[in-house]
1. May I ask you to sort A:Asp181, A:Asp159 by Cβ crowding, counting other Cβ atoms within 10 Å and putting the fewest first?
2. Quick one: what does P(r) look like for the range A:148-275 with 5 Å bins over all Cα pairs, in whole %?
3. Which of the lysines could a cross-linker bridge to A:Lys889, judged by Cα under 24 Å and excluding same-chain residues fewer than eight apart?
4. Once you have a ≥ b ≥ c as the square roots of the Cα gyration tensor eigenvalues for the range A:275-366, tell me rounded if a/c is under 1.5, and otherwise prolate or oblate according to whether a/b is larger than b/c.
5. In the protein assembly as shown, if the dipole is taken from +1 on Lys/Arg beta carbons and -1 on Asp/Glu beta carbons about the Cα centre, which of A:Val425, A:Gly94, A:Gln754 is farthest to the positive end?
6. Could you sort out which of A:Lys306/A:Lys617; A:Lys378/B:Lys29; A:Lys26/B:Lys27 sit more than 24 Å apart by Cα distance in this structure?
7. Rounded to the nearest 20 debye, what is the charge dipole size of the protein assembly as shown about its Cα centre when +1 sits on each Lys and Arg Cβ and -1 on each Asp and Glu Cβ?
8. I need the semi-axes of the equivalent ellipsoid of the range A:736-892: take the C-alpha gyration tensor, multiply each eigenvalue by 5, square-root it, list largest first in whole angstrom.
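Just so it is clear, none of the values below were taken in a lab; they were calculated from the coordinates. Small disclaimer: the values here were computed from a predicted structure and weren't measured. Positions of Cβ are generated from backbone atoms using ideal geometry, with glycine treated the same way; all protein chains shown enter the neighbour counts.
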Amino acid sequence: MPAVSKGDGMRGLAVFISDIRNCKSKESEVKRINKELANIRSKFKGDKALDGYSKKKYVCKLLFIFLLGHDIDFGHMEAVNLLSSNKYTEKQIGYLFISVLVNSNSDLIRLINNAIKNDLASRNSTFMNLALHCIANVGSREMAEAFASEIPRILVAGDTMDSVKQSAALCLLRLNRTSPDLVPMGEWTARVVHLLNDQHLGVVTAATSLITTLAQKSPDDFKTSVSLAVARLSRIVTSASIDLQDYTYYFVAAPWLSVKLLRLLQCYPPPEDTSLRSRLTECLETILNKAQEPPKSKKVQHSNAKNAVLFEAIALIIHHDSEPNLLVRACNQLGQFLQHRETNLRYLALESMCTLASSEFSHEAVKTHIETVINALKTERDVSVRQRAVDLLYAMCDRSNSKQIVAEMLSYLETADYSIREEIVLKVAILAEKYAVDYTWYVDTILNLIRIAGDYVSEEVWYRVIQIVINRDDVQGYAAKTVFEALQAPACHENLVKVGGYILGEFGNLIAGDPRSSPLVQFNLLHSKFHLCSVPTRALLLSAYIKFINLFPEVKGTIQDVLRSDSQLRNADVELQQRAVEYLRLSCIASTDILATVLEEMPPFPERESSILAKLKKKKGSSKLPDMDDSRKNVNGSTEHAEDAEVASKSLPSRYSAPLLFFSVPQPPQFLLEELISTDRPHPSSSATMLPTRTMVPSHTFTDDLSVNSAPSSGASLLVDVFSDFSSAAPTEGSDEHFPRFVCKNNGIIYENQLLQIGLKSEYRQNLGRMYVFYGNKTSTQFLSFSTSVSSNNVLGPQLNVQEKPVDPLIEAGAQVQQILNIECVSDFSDAPILNIQFRYGGTLQNIAVKLPVMLNKFFQPTEMTSQDFFQRWKQLGAPQQEVQKIFKAKNQMDTDVSKAKLLGFGVALLDGVDPNPANFVGAGIIHTKTTQVGCLLRLEPNTQAQMYRLTLRTSKESVSQRLVELLSEQF
Amino acid sequence: MRFMLLFSRQGKLRLQKWYTATAERDKKKMVRELMQTVLARKPKMCSFLEWRDLKIVYKRYASLYFCCAIEEQDNELITLEIIHRFVELLDKYFGSVCELDIIFNFEKAYFILDEFLMGGEIQDTSKKSVLKAIEQADLLQEEDESPRSVLEEMGLA
């Protein structure tokens, strides 16, 4: 038992502790403790009243037992009794017990509060301090309720001792943290601010902590503290170190107070008052200067205290972010620390530079340290330092250094600690996407990520790469090729199989021309991984297979055999079984056209915040992450990050809101089958009346497509003379026969002959449109020198811009290629652009011209309005030239639902309850052109007896009214 | 500061001070987790690490680890010196403090810590002021106590 220097009052306690320490096993310890607990219990319950000393001793033993980790369920009352002892040590132990073993027993709390109240009123500073400590230690809501109004009074009373003021300030701070609503603001706040001027530095220190906490909550109430804090700080940093006597710590003047004052100033913007501002700048410069002075002591305490102030000053400089000079000096200082022999300083320098990197003034200065930081990543022995280096590289990354940084992070990832791999993966994925100028680099980077750290690549990451590949047609071929190559590896990560399966399912056709990656080779490659994969991956692969059946009819048989096998059709997993059964059935009963529609390429995903970024934020806590979305301003004022976001979203006009991934939410395959069944049956209305095949229900696009194919095509006559001049190709006979069918819909087959089928898929938003044109080679021979051009006549030219993306010059037998047309409506127009197609088939040059179904109504935006509004506008558009009316005979059966669907497809909003006659239709919309917007109102009155319609259009522009009537009247 | 822990190299907790309300179960879990993390680190490693949403600042003195959990915006280096000043106070009070002093006089160690830190913030940075407060208390204590026989102390009398 060691000799204790002072106050060794309780020998019994020492004996007990000694016994416990001598226990050889956990059981003997428990035994000894139980014996002691029994002893204490009997003493407390005994008849003989215990004196204060014994109570203190037993309470202290209980405390010891509790701190060893055992439960204590008695003794609270004895401890509370000690509180009211007038012997200091008894009171002290009582308070210690209470603050360690807080009990929510309300009776006890009432007693405790009573004792505290008495001590606070005792005017004995030692007792008052004990009471204040207890309040701060417990800090419960009950305590706050009881004392929150009392403590400010003690704090600012003129006759309160300094040590009590300190305790009161910190006690109030604690209550404010736990129950801010209970701490009343009042006239005391002004007086608290003036404690910053107090003679006693201990009081100033405690008051600064309190004011900082309060100022964070209500900055306006404590604004005056700024000038006082600057004045105080200035006096400290300019003082000779001995001036402050005991507040000097290893030759550093009041380091704690300096840090706290600098922290308080970070609650406010830079002072507006110029003299105050320059005084603060002087302080900060002095602190930076001191860092360059030779140390006054070799002790680590000296340099720690000095640098603690320096780092806090840098934090303030970064917070103000207004003095380029200071920011650059701060950056240089941190740069020195990056190479310091003290690991702690290197760590802090990396951490601090992270925040500097986000300032426009110092971003470039931070970037100059890139080599040092990369070196830190490679050589630091401490994972927490390497982690900071990764953070800093992430923060300093911009377009100029992204390739280097991503490459370094990738190479670090190969050996990185498991604890930080996932985070690095997320960071690399974000940077690669953000700074990808060339998306092939992006695809390579993500595949590398999966290769190096596949286990740490979360769903968000591989979902994202697929989203991007789907949305960017320029990278699809490359992605297909790259995943195909990556899948060749004998062992590849399941995430790669997922990405590979998805991408080949969508874009495998783009590489199918090469015999080394022919459809069968692709399929065999994917299927070789199948049995090693988990159920969700297998499900994804099955979907890829059915997509293959569509893309490559030649492997249909092979895939059907796989689907038909017992391991699929009778799979124990219900999802796999269902997919196998339904895909097999789909592949057997659907025609190629239905398959093509059901399994068409995924539409672009809507742009949204990267899910990876969201995940990283969640993982790190947003405060710790330099916000990549915040526009970091360049010196020339443009915002680099905003641009990036725009580039991404501009290239993707899309009305689709597809799910994140087509099977991430398992899409019920039976949906597809239902659609299919409805196409197998003749539509009830059309079968009843034996209507011509043109009568289509727009919502049933499959029916449309079916009948398109069943209608005998006049395409055979399109085999034009080999030597005919391509450029003079005029719309050939029959090539616009499908044109009117696209007035009320956007997708379908626009052209077909024996060689070629052309399908369209289009989407429009405001005055912009995008059209996907699919060229299908129906023959068993390649099309060579395939090229296209879009031409407009002289009138249409300035009204409508059509820009075509390049198209693959080679279309394999049976394959389909895609071309994208971007469309911009400049002003209203009546003509249609012509798509000219030229290719070589079996030695003969083929020329085809097709009228592209781009009509004025495509640029409609539907407008909902009340009946009152409608009639008001209708009246406003009453001028004779604004209204165009046409009465015409119904060509098809007059069906309300069909008409409704057509009008919706036309682009207007249907307004119910506007027209007094419910049989009539009323619609409204706005035509968007680049130059103007034209509001349109429409009324269609069917007369079933006469089999006639009356269509009335009112718009602000005659030509628009005219054209819309022409287009729409042909539809009924 | 959220909490301070003192534990030995063998992973025995010697002192714990919590500055925010925390359930006993969570405390035990956090202590266990943090001790494992810190004890696993090598001597030359840096004194700071990220842990959950907190920053941990620790330093080893002889067989004892002093470990503070601070918040995001708190200053790591000054926390390191809070630890050092606390060690100085213990040293001054016990006279060349060792782990046993803290074991046998745990209540004193708590009193010293309370005089120095309150609600997780430093109360007074002057060594003199803190020691004066503690010594005053000890004087009060010595006046209180009349000597007792060893037998009586041990409950045998």
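1. Working: A:Asp181 9, A:Asp159 6.
Ordered from fewest to most neighbouring Cβ atoms within 10 Å, A:Asp181, A:Asp159 come out as A:Asp159, A:Asp181.
2. With 5 Å bins starting at 0, P(r) equals 2, 11, 22, 23, 19, 13, 7, 2, 0.
3. Correct list for A:Lys889: A:Lys745, A:Lys900, A:Lys902.
4. Numbers: a/c = 2.22, a/b = 1.24, b/c = 1.79.
It is oblate, given that a/c is not under 1.5 and a/b is not larger than b/c.
5. Result: A:Gly94.
6. Values: A:Lys306/A:Lys617 33 Å; A:Lys378/B:Lys29 34 Å; A:Lys26/B:Lys27 21 Å.
As for pairs spanning more than 24 Å Cα to Cα, those are A:Lys306/A:Lys617; A:Lys378/B:Lys29.
7. Numbers: 127 positive and 133 negative charges, 531 e Å.
The calculation lands at about 2560 debye.
8. Values: eigenvalues 280, 51, 41 Å².
The equivalent ellipsoid of the range A:736-892 has semi-axes of 37, 16, 14 Å.
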